[in-house]
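The values are calculated or read from the model by the stated rules, or taken from the named source; none is laboratory data. These numbers come from a predicted model, not from an experiment. Don't worry about glycine lacking a Cβ; one is built from the backbone with ideal geometry, like all the others, and counts go over all protein chains shown. Surface areas here come from the heavy atoms of the whole protein model, side chains and all, with no ligands, DNA or RNA. Shrake-Rupley method; radii C 1.70, N 1.55, O 1.52, S 1.80 Å.
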Amino acid sequence: MTAYDIIIKPVITERSMAGTADKKYTFFVDTRANKIEIAKAVEEIFGVEVAKVNTVNYDGKMKRQGYGRAGRRASFKKATVTLTEGSKTIELFEGMV
């Protein structure tokens, strides 16, 4: 897996944007990726230094698909990446705060 396969997309919510002040950035990541792989991918793509990675797995919700049919949304994994004090910020998030 390449770094671009591991990091799927950034999470753009009010809560995740509030974390950017503390150099915490949130991404949707591949469900098979571990914390070490996620840290290396973020460092490679954005050129920053990662201090810590927190991950959480979400199961897809059951949803109705028309009359009486049950479907399921996709499961996903979310990672919150904390950068070191001396690291630069990720410019992708700068204009959104």
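Computed quantities for the displayed model
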| item | result |
| --- | --- |
| Solvent-accessible area, 1.4 Å probe, carbon plus sulfur percent, for the chain | 49 |
| Where the chain is the region considered: accessible area per residue in Å², 1.4 Å probe | 69 |
| Flagged links, alpha-carbon separation over 28 Å, of LYS61/LYS88; LYS9/LYS88; LYS35/LYS88; LYS23/LYS78; LYS40/LYS61 | LYS61/LYS88; LYS40/LYS61 |
| Sites THR89 and LYS61 - FRET efficiency at Förster radius 41 Å, r taken between beta-carbons, to 0.05 | 0.75 |
| Between 0 and 90°, nearest 10: helix 35-46 axis offset from the chain longest Cα axis | 60 |
| Whole-Å semi-axes of segment 10-52's equivalent ellipsoid (Cα gyration tensor) | 18, 13, 8 |
| Value at 222 nm in deg cm²/dmol, rounded to 500, when DSSP H runs of n ≥ 4 in the chain each add -39,500 (n - 2.57) | -5500 deg cm²/dmol |
| Normalised contact order of segment 1-85, rounded percent, pairs of Cα under 8 Å and 6 or more residues apart | 33 |
| Counting all C-alpha pairs of the chain, share separated by more than 15 Å (%) | 62 |
